[in-house]
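Asker: Let me begin by handing over the structure; questions about it come next.
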């Protein structure tokens, strides 16, 4: 099985529907992405990686290590 890279993008439908090609993410979605991104750990399997902004909580780091999931900062 190949590894996967997980990244939270809560506004992908809005981004895809913007036909002007000049979509700019609203601050609301940045906050939502930061809040939801750690929950992707539930979907990841050993060998996967999560792309998350730092700082990472101690709990997130411990849980990722326990599950064999790498944390990556953009």
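Asker: Return the total of residues in region 61-74 being at pLDDT below 95 and surrounded by 12 or more Cβ atoms within 10 Å (Cβ to Cβ).
Answerer: Looking only at that region, the number is 0.
Asker: Continuing with this model, one more query. I'd like the full set of residues that are surrounded by fewer than 12 Cβ atoms within 10 Å (Cβ to Cβ), modelled with pLDDT under 95 and in a helix (DSSP H, G or I), limited to region 40-58.
Answerer: 42
Asker: Counting only residues that are touching a residue at least 24 places away in the same chain (Cβ under 8 Å) and surrounded by fewer than 14 Cβ atoms within 10 Å (Cβ to Cβ), how many does region 23-33 have?
Answerer: Adding up the residues that qualify gives 0.
The values are calculated or read from the model by the stated rules, or taken from the named source; none is laboratory data. Please read these numbers as outputs of a predicted model, since none were measured by experiment. Positions of Cβ are backbone-derived with ideal geometry, glycine not excepted, and every protein chain shown enters the neighbour counts.
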